[in-house]
1. Kindly provide the set of residues from the range 58-90 that are touching a helix residue (DSSP H, G or I) at 6+ places or on another chain (Cβ under 9 Å), open to solvent by 70 Å² or more (accessible area, probe 1.4 Å) and at pLDDT below 80, ordered by number.
2. Name the pairs: first residue in the range 38-54 and without any contact (Cβ under 8 Å) to a residue 12 or more places away in the chain and over 10 Å from Ser100 (Cα atoms), second residue open to solvent by 20 Å² or more (accessible area, probe 1.4 Å) and assigned to a loop (DSSP other than H, G, I, E, B), Cβ to Cβ under 8 Å, at least 6 apart or on different chains?
3. Going through the range 15-33 one residue at a time, which ones are crowded, with 21+ Cβ neighbours inside 10 Å and modelled with pLDDT of 85 or more?
4. Quick one: count up the residues across the range 129-145 that are part of a helix (DSSP H, G or I), touching a residue at least 24 places away in the same chain (Cβ under 8 Å) and in contact with a Pro (Cβ under 9 Å, 6 or more places away or on another chain).
5. Scanning for something under 20 Å from Glu166 (Cα atoms), among the basic types (Lys, Arg), at pLDDT 80 or above and surrounded by 15 or more Cβ atoms within 10 Å (Cβ to Cβ), does the range 34-57 turn up at least one residue?
6. Which of the following residues is within 18 Å of Lys15 (Cα to Cα), at pLDDT below 90 and surrounded by 16 or more Cβ atoms within 10 Å (Cβ to Cβ): Val178, Val149, Val167?
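The values are calculated or read from the model by the stated rules, or taken from the named source; none is laboratory data. Note that the structure is predicted; figures quoted are calculated from it, not measured. Heads up, the Cβs are rebuilt from the backbone with ideal geometry, glycines too, and the neighbour counts pull from every protein chain shown. Protein only, heavy atoms only, side chains kept; ligands, DNA and RNA dropped before computing areas. Shrake-Rupley method; radii C 1.70, N 1.55, O 1.52, S 1.80 Å.
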Amino acid sequence: KERFPADLAALIVSKAARGLEHAHVQCGDDGEPLGLIHRDVSAANVLLSYQGEVKLSDFGLAAKVAARIPEAEVIVGTVAYISPEAALGGPVTSRSDLYSLGAVLYEMAVGRPPFTGDDVQVLYSHLRTPVTPPSKLNSDVPHALTALVLRLLTKDPEARPATAAEVLEELEDLQVSVTAPASA
């Protein structure tokens, strides 16, 4: 697989984060928050048009905040991007989507998902194996991007960024610092 330059990866994922932010705060006709959780954020569901538009697709597995996946029946989501709590069939929240978004960003920066192998190995890794920092696999990944990816891919949902808006802000700051001309 191909790596993306850090500024392009940050730009694309920031646009996907904006889509997640919108989904996470959606309200129903009665004005009450629906809080839709995507539950299947993956590289295949982040679409890039020829015009540079980014769309987050496939809300077929979306659920309201704190939905519970039936235990021991089915794992919902794409294994390479699934959050540890979703892999265990626990409650999923917006932070579960952010974990998956972190896995997409990791893949864009490194050229492969954070964990590889058969499905069982990958699921185990999401649950127990620390992520190799992206900058160790691609020296062109800036420290700030590596730090964000590691926060997104932490096993503890409470240690992840709280909202997609927070991730979006960090990614926008990163794009500015990566693309800013060096001082003379």
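1. First, the residues of the range 58-90 that are touching a helix residue (DSSP H, G or I) at 6+ places or on another chain (Cβ under 9 Å): 58-59, 62, 65, 69, 75-88, 90.
Cutting the leftovers down to open to solvent by 70 Å² or more (accessible area, probe 1.4 Å) gives us 58-59, 65, 75, 88.
Across the range 58-90, the qualifying residues are Asp58, Phe59, Val65, Ile75.
2. Final answer for the pair search is Leu47/Ser57.
3. Matches in the range 15-33: Ala16, Ala17.
4. Narrowing the range 129-145 to residues part of a helix (DSSP H, G or I): 134-137, 143-145.
From what is left, the residues that are touching a residue at least 24 places away in the same chain (Cβ under 8 Å) are 134, 137, 144-145.
If we keep only those that are in contact with a Pro (Cβ under 9 Å, 6 or more places away or on another chain) as well, we get 134, 145.
The total comes to 2.
5. No, there is no match, as no residue in the range 34-57 is under 20 Å from Glu166 (Cα atoms), among the basic types (Lys, Arg), at pLDDT 80 or above and surrounded by 15 or more Cβ atoms within 10 Å (Cβ to Cβ).
6. Val178
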